[in-house]
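Accompanying notes for the structure given below.
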Amino acid sequence: MGADFSALFFGQEGFNACSNGSNVSLQAKPNLGDLPEDCVALILGYFDPPEICKLASMNRAFRGASWADFVWESKLPSNYELLLRKVFDDVPENLGKRQIYERLCRANSFDGGTKRVWLHKRTGGVCLSIASKGLAITGIDDRRYWNHIPTEESRFCTVAYLQQIWWFEVDGEVDFPLPTGSYSVFFKLQLGRASKRFGRRICNSEHVHGWDIKPVQFQLWTSDGQYAASKCFLKETGKWNYYHVGTFVVDSSNASTKIKFSMTQIDCTHTKGGLCLDSVVIYPNEFRERLTHF
């Protein structure tokens, strides 16, 4: 294969010189830097975005080709212009497609900082997260039941901590122009309150109770009539887990989809407590198996 590749660049005289042991000048030897940028850009289109960025460091031709708009157009969501208008107040008109991809890959806040959206760097899938402060939580304003506590373990730097309550209910919704595809909704929860002592993470499970008596019910509804529900006992303490609510499908990228979701345990025969609520996340369904979920 190496000889065939070299034959594209050397004439018969070059081969004779090599076979006779003669020296061939370095300028005559082919290398990847000799490829035209347009050809390199076509090749880069077959790679994932992180791989494109790594290949860009090879030489000038690859670096220039890595900025070609048509390379990144295929990596962006089909409705990326709608995403930009939803998330950013002002987007410069001269941004290239790679710059747009880079901006969308950041965790971009909207709705007063209570929601964040980003693209998965490798696949370009749209991911959403809704903070605990962006949810309607029964009793959240009564410090006897709930508290917002700061933590480095949340992308929102704060979580809602439940000490004890009889009627547990959390509701939320998001209206967003998701690209076509299948999506899963999760509640990110932890039994116990984590902290650090002498640089080590510890989790206080003193207030954890009531979650093994009756299951928690999760539900979701979409604006086009889809519905899903699931039930689960909360058991594992000291670790963040993703609890699967359900799956929904987006058929059109040209309009916003409204998703409503809830988590309830309203059996008032017993109290429950010791729960940390970080957020609700919406991921492309292909990521479902990668998460620790119940």
Applying the selection to segment 207-264, what residues are within 19 Å of Trp167 (Cβ to Cβ), over 24 Å from the mean Cα position of the chain (by Cα) and surrounded by 14 or more Cβ atoms within 10 Å (Cβ to Cβ)? His207, Val208, His209, Gly210, Trp211, Lys214, Pro215, Val216, Gln217, Cys232, Leu234, Thr264
How many residues, within segment 75-107, are at pLDDT 90 or above, of a type in the set (S, T, N, Q) and over 29 Å from Ser154 (Cβ atoms)? 1
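Residue by residue, here is whether (1) over 20 Å from Leu135 (Cβ atoms); (2) part of a loop (DSSP other than H, G, I, E, B); (3) of a type in the set (Val, Ile, Thr) holds:
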site: Leu189; (1), (2), (3): no, no, no
site: Ser195; (1), (2), (3): yes, no, no
site: Glu206; (1), (2), (3): yes, yes, no
site: Ile213; (1), (2), (3): yes, yes, yes
site: Gln217; (1), (2), (3): no, no, no
site: Asp224; (1), (2), (3): yes, yes, no
site: Ala228; (1), (2), (3): no, no, no
site: Leu234; (1), (2), (3): no, yes, no
State all residues of segment 133-155 that are among the aliphatic types (A, V, I, L, M) and either part of a strand (DSSP E or B) or more than 28 Å from the chain's Cα centre (by Cα) (or both); if no residue qualifies, say none. Ala136, Ile137, Ile149
Being more than 18 Å from Val280 (Cβ to Cβ) and open to solvent by less than 70 Å² (accessible area, probe 1.4 Å) is the filter here, so list the residues in segment 165-176 that pass it. Ile165
Among the residues of segment 76-126, which ones are buried (at least 18 other Cβ atoms within 10 Å of the Cβ), assigned to a loop (DSSP other than H, G, I, E, B) and touching a residue at least 60 places away in the same chain (Cβ under 8 Å)? Pro77, Asn79, Gly124, Gly125
Of the residues Gly274, Gly246, which single one is within 27 Å of Gly181 (Cα to Cα) and not basic (Lys, Arg)? Gly246
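The values are calculated or read from the model by the stated rules, or taken from the named source; none is laboratory data. Please read all numbers here as calculations on a predicted model, not as lab measurements. Here Cβ is always computed from backbone atoms with ideal geometry, including for glycine, and neighbour counts include all displayed protein chains. Just the protein is used for accessible areas: all its heavy atoms, side chains included, with ligands, DNA and RNA removed. Shrake-Rupley method; radii C 1.70, N 1.55, O 1.52, S 1.80 Å.
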